[in-house]
Amino acid sequence: VHFNENLRSEARSFYNNIGKELNWSPKKLQRRIFEVETIIAETGQYEHTQEELEIGARLAWRNSAKCIGRIVWNTLVVRDRRHCTNPDEMFNEVCDHLKLATGGDSIQSVMTVFRPQKFNEIYGTRFWSTQFVRYAGYEDKGTGKILGDPANTKFTSYLIKKQIWSPPTKRTAFDILPLVI
């Protein structure tokens with residue numbers, strides 16, 4: 001019950017915000033809040049519509065104080081891939097994401113959204129990688145010096161130890177880690 005009340009409160013706040021942004025009528029806003037609260041009461045969760053997902057992502061980016069790119073928040077391409085359920089499918093979507101974001105004459109801001117872990121699901125598909133492209137970090141146990149990205153030393157060691165990834169014979173500061181899903 002406590003979880004549901006928090007979720008309902010967050011949902012109401014979200015819909016009040018996007019209702020203002022999209023100039024929803026009070027009737028439309030109250031109808032959507034009622035629908036969502038009913039679904040939460042029945043299932044413990046709810047899903048955004050495509051429109052809600054897009055405006056929510058754009059507003060989150062616009063309101064992010066630390067991102068200098070947010071000035072073009074309204075050009076963000078939001079890719080709804082909540083239907084993808086297996087790692088191979090997700091990996092292909094990540095490749096498409098990178099092509100779209102980096103192809104052409106200029107960089108395009110892109111967000112690809114995969115489904116969240118379900119309320120009663122013990123393990124959902126998740127990304128172990130914190131970003132699509134990360135550099136390895138190697139710690140020299142003798143000297144304590146780090147080659148590459150210090151933020152990834154533990155992850156790099158884990159991938160090598162578990163034989164998920166083998167670094168190049170000649171390690172550099174710019175060895176790209178695999179995307180682990």
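The values are calculated or read from the model by the stated rules, or taken from the named source; none is laboratory data. Keep in mind the model is a prediction, meaning the values are calculated, not measured. In this analysis, Cβ positions are derived from the backbone assuming ideal geometry, glycine residues included, and neighbour counts consider all displayed protein chains. Each accessible area value is taken on the protein alone, full model and side chains, heavy atoms only, with ligands, DNA and RNA left out. Shrake-Rupley method; radii C 1.70, N 1.55, O 1.52, S 1.80 Å.
If residue 11 meets every condition in (1) over 27 Å from residue 124 (Cα atoms); (2) surrounded by 12 or more Cβ atoms within 10 Å (Cβ to Cβ) apart from one, which number is that one?
The number of the failed condition is (1).
Out of (1) open to solvent by 50 Å² or more (accessible area, probe 1.4 Å); (2) at pLDDT below 95, what's the single condition that is false for residue 67?
Residue 67 satisfies every listed condition except (1).
Would you confirm, using the coordinates I've provided, whether residue 169 is free of Cβ contacts under 8 Å to residues at least 12 places away in the same chain and open to solvent by 60 Å² or more (accessible area, probe 1.4 Å)? Give the steps one after another, and end with the answer.
Working: free of Cβ contacts under 8 Å to residues at least 12 places away in the same chain: yes; open to solvent by 60 Å² or more (accessible area, probe 1.4 Å): yes.
Here the answer is yes, as residue 169 does meet what is asked.
Tell me the strands (runs of 3 or more DSSP E) entirely within the range 86-181 that contain at least 3 residues that are closer than 30 Å to residue 6 by Cβ and within 22 Å of the chain's Cα centre (by Cα). Quick ask: steps written out before the conclusion?
Details: elements: 110-114, 137-139, 146-148.
Qualifying strands (runs of 3 or more DSSP E): 110-114.
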